[in-house]
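Heads up, the thing below is written out as structure tokens.
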Amino acid sequence: MAREERSERHGKEEGSELIDKLVSINRVAKVVKGGRRFGFAALVVVGDGKGKVGYGSGKAKEVSDAMRKALDSAKKSMVRIPLREGRTLHHDLYGRFGAGKVIIRTAPVGTGIIAGGPMRAVFEALGVQDVVAKSVGTSNPHNMLKATFDALDSMKSPRAIAAKRGKKVGDIVERREGEKDKSKKTDVKE
């Protein structure tokens with residue numbers, strides 16, 4: 001009993017700053033001589049709502065133990081994802097894992113989170129407010145999560161690219177806007 005109280009108190013302390021979303025629970029049965037033995041597998045996404053997110057899975061004989069193990073695993077695997085204006089992504093992304101493929105696009109203010117299932121949980125925990133996402137292929141939550149994280153791992157902020165190239169952020173952003181203006185001018189001439 002004391003062990004449960006300690007884990008609840010520990011969860012409340014960290015729960016105030018972390019957002020956790022249960023993605024799926026899978027019940028599995030093992031047939032033995034006396035009947036069936038049930039086990040549970042939980043898949044959880046954890047984030048701080050400010051650009052850090054992680055996922056984890058846990059297995060146990062009880063749902064609560066499986067969720068606790070999944071939460072611990074998710075907290076260990078948290079990664080920082082750069083966000084633009086704290087509300088959306090810097091650029092469009094594509095990720096895949098196995099048969100799971102995801103396409104993630106930035107969106108203007110007020111769009112909201114247009115994504116389904118496990119991807120919605122990731123974006124809510126991450127703190128993204130405007131994004132459009134589509135999953136193609138499998139609907140297996142494990143593969144969808146891994147494909148989403150594959151895409152998010154490829155996210156580069158203008159600041160990181162500028163540092164890598166030895167330029168200023170303004171040079172890179174201006175060039176990007178300048179290319180759009182040049183393409184408009186060429187369309188008008190033709």
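Residues of the range 73-93 that are buried (at least 18 other Cβ atoms within 10 Å of the Cβ) and closer than 12 Å to Gly56 by Cα: Ser73, Ala74.
For the range 136-150, the tally of residues that are buried (at least 23 other Cβ atoms within 10 Å of the Cβ) and small (Gly, Ala, Ser) stands at 1.
Could you tell me which of the residues Ala115, Ala125, Ala70 is closer than 30 Å to Ala60 by Cβ, assigned by TED's automatic domain parsing to the domain that holds Ala42, surrounded by 13 or more Cβ atoms within 10 Å (Cβ to Cβ) and small (Gly, Ala, Ser)?
Numbers: Ala115 fails: assigned by TED's automatic domain parsing to the domain that holds Ala42; Ala125 fails: assigned by TED's automatic domain parsing to the domain that holds Ala42.
Result of the check over Ala115, Ala125, Ala70: Ala70.
At least 2 residues being touching a Lys or Arg at 6+ places or on another chain (Cβ under 6 Å) and modelled with pLDDT of 90 or more is the threshold, and among the helices (runs of 4 or more DSSP H) wholly inside the range 46-158 those reaching it are 118-126. Exactly one of (1) modelled with pLDDT under 90; (2) among the β-branched types (Val, Ile, Thr); (3) farther than 22 Å from Ala147 by Cβ is unmet by Val31. Its number? For Val31, the exception is condition (1).
The values are calculated or read from the model by the stated rules, or taken from the named source; none is laboratory data. On a predicted model such as this, the values are computed, not experimentally measured, just so you know. Glycine gets a Cβ as well: all are built from the backbone with ideal geometry, and neighbour counts include every protein chain shown.
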